[in-house]
Amino acid sequence: MAEAQLKDDQAPRKLAYVNAITEGLHEVLKEQPEAFLAGEDVAGAGSVFGYTSGLLEEFGADRVIDTPISEKGIMGLGVGAAATGCRPIIDLMFMDFLGECMDEVANQMAKMRYMFGGHARLPVTVLTMSGAGMSLAAQHSQSLEVWLTHLPGLKVVAPATPYDAKGLIISACRDDNPVFVLLNKLSLALQGEVPEGAYEVEIGKANVMREGKNLTLIAYSRMVHEAMQAADQLKEFGIDAEVIDLRSLSPLDTDTIVKSVKKTHRAVIVHEAVRFSGFGGELAAQIQELAFDYLDAPVGRVGAPFSPVPYSPSLEQSYMPNAKRIVAETRRLLGV
Amino acid sequence: MTIQATDAVLLDIHERMVRIRIFEEEAGKLMENGKVPGALHLYVGQEAVAAGVMAHLEDTDHITSTHRGHGHVVAKGGQFNEMYAELYGKAAGYCKGRGGSMHICNMEIGMLGANGIVGGGIPIAMGAAFSKKFRKTKEVAASFFGDGASNEGSFHEAANMAALYKLPLILVCENNGFGEYTRQDNHQAIVDVADRAAGYGMPGVVVDGMDAIAVYEAAGEAVARARNGEGPTLLECKTYRFYDHVGVRGMGLSYRTDEEVENWKQRDPIKLLEEKLIEQGISTKRKINALHKRVREEAMAGIKFAEDSPLPDPDGLLEDVYYVQA
């Protein structure tokens, strides 16, 4: 990296996912005086994941605020402050803690604008950490995105790359609606290209990561990288896979999905969440509604089995979807 | 420091109370006659609380309310036309017919909504109070909730955070003796909800919620503390709802005796205040009757406005789910 920079000043800067999150928050706190960041251990400790490190020193205790372990209180703080002129950024340490604050999320935050006949505006962003892979067991490893995507009034994004993590955080904080940014704990060290300064990644726009001819792999969050590996491996079976990173689950970029499936005639959906009743069910339904005549095979779904996330590494490894399983499921569906 | 009510303030409080009572009496008739859809939770009997607190608040101060929220909207300055229109589900209602009785609001006068979830408004009011401190204003927030809501975790978390951050918040517990249909002694082991304040490090005050002047004075101290940056107060007002949990019927109920209701009605907060106004020469029976008549006419005009208003266009069903940049 250092060498590359010496050779070429224009070489793109690489940053870890965790640092890209920090930069996104930094840009927002810098540009929006009404913004503050509140959550458990976000100030003094710099968050348990390290992504708010340095923000307290730069922006002060009035704007980077440690809260009690009170998720109902924290989420209510976000709702009430957003409705009265602030732009709160709320950190919900683990997505699993949604259970502690679901009323504030589902009945208050998501619905206030509608219930009030459009007379309320809620520019609140919630960051939360999802995903398995660190032996944190059943209550710190879940992917519960469908709890949120089922709620009209919320936007839900799930960045897979450092570039998107920074850009989607900035877009979320500039949006005047409640936006959940679902981060992934196993991606924190992932390196990727991240420009300096503020930039947006459009919410509701998927990213075609790789073009292909006869299969569309649809993924989001960390599973995008597993899908990319699977696409490489599928070449030897004569499959040229296109890979779509949804980036945004709600709103959903249906156009990009349908356009791709009409071209490739086959689709396999990949997510880390439990497969049963997962987001893949919605995607599969939309594909058959909008591109039925173009399909040459059933729409496949790869997800976690119908079980809580296990603790033991051996169990957890067999629980989490991966490239190997994507390849196997694709071959089964396509008979290759 | 007691803030005593001037004659003008007492008349103002009285008018707010009469407006609530008459709005609710007519709303109850509308529900009984099947004129409005949905369920109404009526505020009759508790008027002194909303009026006594709201007399201290400006439009820039924010409140959150409960499922029994009409009284708070009226006391905060809500207009009958838009309120009745909302109960009718009409496009001219405060929420364009999308919220109804349990979500009635008016952001322009700082009314952050009734709330269908017991305890749902308390963390939101705490957030509004946080915002006021963050933006370095002298504004305050108040949250109205019942004895039932004081058993919700949302109350606990919001109270702790309000005290921790010294927020300009007034937690107004309207203890009407029932959590829905369950008596207070059957839902909590304490008599005074205000006792809980000590556990959060804030003052807890008990006041007679049928005495508008007592509520006004106690609320005055709490609001002054909040405006001066001294933090939140838990103000418990002992009161009673004359009607049922939902709708009008107040007597002949299985969960309370008619005798109990009659005893509380002897202390009807409007009657108590009117006696005082006359006794102290601040008003007269004639003036009071004239006020009741004027407000009743205003209510009837509001109902007519609501009935004559168009229903929302179903084509607009999806409007306002999201804010869309113009």
Over all directions, average the projected area of the Cα convex hull of region A:103-149 and note it in nm². 4.0 nm²
Per residue in region A:90-129, which ones lose no less than 50 Å² of accessible surface when going from chain alone to all protein chains (1.4 Å probe)? A:Gln108, A:Arg113, A:Tyr114, A:Met115, A:Phe116, A:Gly117, A:His119
Residues of region A:287-312 with backbone N under 20 Å of the label point set 7 Å from the Cα of A:Phe276 along Cα→Cβ are A:300-311
Here region A:104-112 yields Karplus 3J(HN,Hα) values (6.51, -1.76, 1.60; θ = phi - 60°; whole Hz; Gly and Pro given as x) of 4, 6, 7, 9, 10, 4, 5, 10, 4
What angle do you read, to the nearest 10 degrees and between 0 and 90, between the alpha-carbon axis of helix A:323-334 and the longest principal axis of chain A? 40 degrees
The relative contact order of region B:197-267, taking Cα pairs under 8 Å that sit 6 or more residues apart, comes to a percentage of 29 percent
Quick check: residue separation of B:Ala8 and B:Lys293 times 0.36 nm, minus the Cα distance between them. What number comes out in nm? 100.6 nm
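Mind giving me the FRET efficiency for B:Ala326 and B:Ala39? R0 is 56 Å, r the Cβ-Cβ distance, nearest 0.05 is fine.
On the way: r = 36 Å, r/R0 = 0.64.
It comes to 0.95.
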Along the charge dipole of region A:2-193, pointing to its positive end and built from +1/-1 on Cβ of Lys, Arg, Asp and Glu, which listed residue (A:Gly118, A:Ser135, A:Pro33) has its Cα farthest out? A:Gly118
Once phi is turned into ³J(HN,Hα) by the Karplus curve 6.51 cos²θ - 1.76 cosθ + 1.60 with θ = phi - 60°, what whole-Hz value does each residue of region B:185-200 show in order, with x for glycine and proline? 6, 9, 10, 7, 8, 10, 9, 9, 4, 4, 4, 5, 4, 4, x, 10
Between region A:251-282 and region B:297-311, what's the alpha-carbon centroid distance in Å? 50 Å
Could you work out the helix-only [θ] at 222 nm for the protein assembly as shown, with each DSSP H run of four or more residues adding -39,500 (n - 2.57) and the total divided by the number of residues, to the nearest 500 deg cm²/dmol? -11500 deg cm²/dmol
Can you bin region A:192-336 into rounded, prolate or oblate? Criterion: square roots of the alpha carbon gyration tensor eigenvalues sorted a ≥ b ≥ c, rounded for a/c under 1.5, prolate for a/b above b/c, oblate for the rest. rounded
Provide the descending list of Cα extents for chain A along its principal axes, expressed in whole angstroms. 60, 56, 39
Please turn the phi angles of region A:48-65 into ³J(HN,Hα) values with the Karplus equation 6.51 cos²θ - 1.76 cosθ + 1.60 (θ = phi - 60°), one per residue in order, whole Hz, x for glycine and proline. 5, 9, x, 7, 10, 4, x, 6, 4, 4, 7, 10, x, 6, 6, 10, 10, 10
Expressed in nanometres to one decimal, the distance between label points 7 Å along Cα→Cβ at B:Lys138 and A:Lys263 is 6.3 nm
In square angstrom and rounded to 100, what buried accessible area do you get between chains A and B, total over both, with the probe at 1.4 Å? 3300 Å²
Quick one: pull the percent of accessible area on the protein assembly as shown belonging to carbon and sulfur, 1.4 Å probe, ligands and nucleic acids left out. 52 percent
I'd like the FRET efficiency for A:Leu315 and A:Leu144, computed as 1/(1 + (r/R0)^6) with the beta carbon distance as r and R0 of 25 Å, rounded to 0.05. 0.80
In a Gaussian network model of chain A with springs linking alpha carbons closer than 10 Å, the residue among A:Pro195, A:Pro162, A:Pro178 that fluctuates most is A:Pro195
Top of A:Ala230, A:Ala11, A:Ala82 by mean-square fluctuation, Gaussian network on chain A, Cα under 10 Å: A:Ala11
Just check region B:7-103 against the gyration tensor rule for me: Cα atoms, a ≥ b ≥ c as the square roots of the eigenvalues, rounded for a/c under 1.5, and otherwise prolate or oblate depending on whether a/b exceeds b/c. prolate
Rounded if a/c under 1.5, otherwise prolate or oblate - region B:168-243, Cα gyration tensor axes: oblate
B:Tyr94 - accessible surface, heavy atoms, 1.4 Å probe, Å² rounded to 10: 30 Å²
Choice from A:Ile65, A:Ile326, A:Ile90 with maximal GNM fluctuation in chain A (Cα, 10 Å cutoff): A:Ile65
Please give the per residue accessible area of region B:7-309, computed with a probe of 1.4 Å over protein heavy atoms only, in Å². 36 Å²
Measuring from label point to label point, each 7 Å out along Cα→Cβ, what is the A:Glu211 to A:Glu193 span in nm? 1.7 nm
For chain A, what does the accessible surface come to per residue with a 1.4 Å probe? Please give it in Å². 38 Å²
Over region A:207-334, what is the mean sequence separation of C-alpha contacts under 8 Å (at least six apart), divided by residue count, expressed as relative contact order in percent? 27 percent
Expressed as a percent, the portion of alpha-carbon pairs in region B:7-309 spaced more than 25 Å apart is 45 percent
Name the residues whose placed amide hydrogens come within less than 5 Å of the amide hydrogen of A:Val268, ignoring near sequence neighbours (fewer than 5 apart) on the same chain. A:Thr216, A:Leu217, A:Ile218, A:Gly300
Can you give the extra length, in nm with one decimal, that the chain gains between B:Glu217 and B:Asp315 once fully stretched, where that is 0.36 nm per residue apart less the Cα-Cα distance? 30.3 nm
How large is the direction-averaged shadow of the alpha-carbon convex hull of region A:2-193, in nm²? 11.3 nm²
Based solely on C-alpha atoms, express the radius of gyration and the Dmax of the protein assembly as shown in angstrom. 28.2, 98
Need one number: nm distance between label points at B:Gln188 and B:Ser254, each 7 Å from Cα along Cα→Cβ, rounded to one decimal. 2.6 nm
Angle in degrees between helix A:254-264 and the longest Cα principal axis of chain A, rounded to the nearest 10: 20 degrees
What are the DSSP H helices in chain B that stretch 30 Å or more along their long axis, judged by alpha-carbon atoms, and whose average Kyte-Doolittle hydropathy comes to at least -1.0? B:7-32, B:285-308
With all protein chains present and a 1.4 Å probe, the order of B:Arg267, B:Arg286 from largest accessible area down is B:Arg286, B:Arg267
Any idea how far the Cα center of region A:100-115 sits from the one of region B:75-129, in Å? 15 Å
Calculate how steeply helix A:71-83 sits against the longest principal axis of the alpha-carbon atoms of chain A, using the helix alpha-carbon long axis, and give the answer as 0 to 90 degrees to the nearest 10. 80 degrees
Relative contact order as a percentage, chain B, C-alpha pairs under 8 Å and 6+ apart, gives 23 percent
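The values are calculated or read from the model by the stated rules, or taken from the named source; none is laboratory data. Here the structure is a predicted model, which means the values were calculated and not measured. Here the Cβ is made from the backbone with ideal geometry for all residues, glycine too, and neighbour counts use every protein chain on show. Areas reflect the complete protein model, heavy atoms only, side chains present, ligands, DNA and RNA absent. Shrake-Rupley method; radii C 1.70, N 1.55, O 1.52, S 1.80 Å.
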